[in-house]
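Structure, as structure tokens:
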Amino acid sequence: MALPTKQSAAPNNPSLLLPSELVDKCVNEKVWIIMKNGHKEFTGTLKGFDVYVNCVLEDAIEYDRDQESGKETTKNLESILLNGNNICMIVPGGERS
Amino acid sequence: MEASTTTSASKTPADFLKSIRGKRVVVKLNSGVDYRGILACLDGYMNIAMEHTEEYVNGQLKNKYGDAFIRGNNVLYISLAK
């Protein structure tokens, strides 16, 4: 979904894909976001992101695993701005495994 | 920032921040504490000023503040309240 006017970092090597270009391909797609602390995750439709990888998610679900009991709580959030500071990984597809 | 020149379908963080001012929001901090209230104003650091703020710890109402300022580094997410 790269814009035709945008200059790629490696125009001669189509197999080279920058990390931010991969995330760009996920805009308006389902993603699965895993946070740094290891017990919090989000899924939802990625509407956009910025240079800090702050993410706008729609129809998001927050998953939080309690450290002691191991019990997982979920919370539905219709529209959120997720701070990029604590994001560890973004997985295209949005299915948790 | 070229927030206004992005495609119509996508919504960048800058667009989101512009669209939620004056709305009811839930702000979750890294500590897990939730603040619900009306968003008065905010900036690119996610510093937030809120009105009619209610503080929820473990889902239970613990405190109410007329006005509150939240320093952006503590913010995990800002959610539009239903």
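The values are calculated or read from the model by the stated rules, or taken from the named source; none is laboratory data. It should be emphasised that the depicted structure is a prediction, and the values quoted were computed from it without experimental measurement. Note: ideal-geometry Cβ built from the backbone for every residue, glycine included; neighbour counts use all protein chains shown. SASA here: full protein model, heavy atoms, side chains in, ligands and nucleic acids out. Shrake-Rupley method; radii C 1.70, N 1.55, O 1.52, S 1.80 Å.
For the protein assembly as shown, the Kirkwood hydrodynamic radius from C-alpha pairs, put into Stokes-Einstein at 37 °C and a viscosity of 0.692 mPa s, yields a diffusion coefficient of 191 µm² per second. Residue ranges A:83-94, B:25-36 sort as B:25-36, A:83-94 when ordered by packing (mean number of other C-beta atoms within 10 Å per residue, highest first).
Here is the interface size for B with A: some 1900 Å² of accessible area buried, both sides summed, with a 1.4 Å probe. Evaluating 6.51 cos²θ - 1.76 cosθ + 1.60 at θ = phi - 60° for every residue in the range A:80-91, the Karplus couplings come out as 9, 10, 9, 5, x, 4, 9, 7, 9, 8, 10, 10 Hz, glycine and proline recorded as x. Annotation: per residue accessible area for the range B:13-80 equals 51 Å², rounded to a whole number [probe 1.4 Å, protein chains only]. As an equivalent ellipsoid, chain A spans semi-axes of 29, 14, 11 angstrom, where each value is the square root of five times an eigenvalue of the C-alpha gyration tensor, largest first.
Any residues in the range A:66-97 that have 50 Å² or more less accessible area with all protein chains than in their chain alone, probe 1.4 Å, and which are they? Those are A:75, A:78, A:79, A:81, A:83, which lose 50 Å² or more relative to the chain on its own. Expressed in Å, the radius of gyration and Dmax of the Cα atoms of the range B:13-80 are 10.9, 32.
Given A:47/B:64; A:40/B:18; A:25/A:71; A:47/B:23; A:47/A:75; A:47/B:62, which pairs have Cα atoms separated by over 25 Å?
Numbers: A:47/B:64 33 Å; A:40/B:18 27 Å; A:25/A:71 33 Å; A:47/B:23 19 Å; A:47/A:75 19 Å; A:47/B:62 33 Å.
Long pairs (Cα-Cα over 25 Å): A:47/B:64; A:40/B:18; A:25/A:71; A:47/B:62.
If you plug the beta carbon distance of residue B:45 and residue A:15 into 1/(1 + (r/R0)^6) with R0 = 30 Å, you get a FRET efficiency near 0.20.
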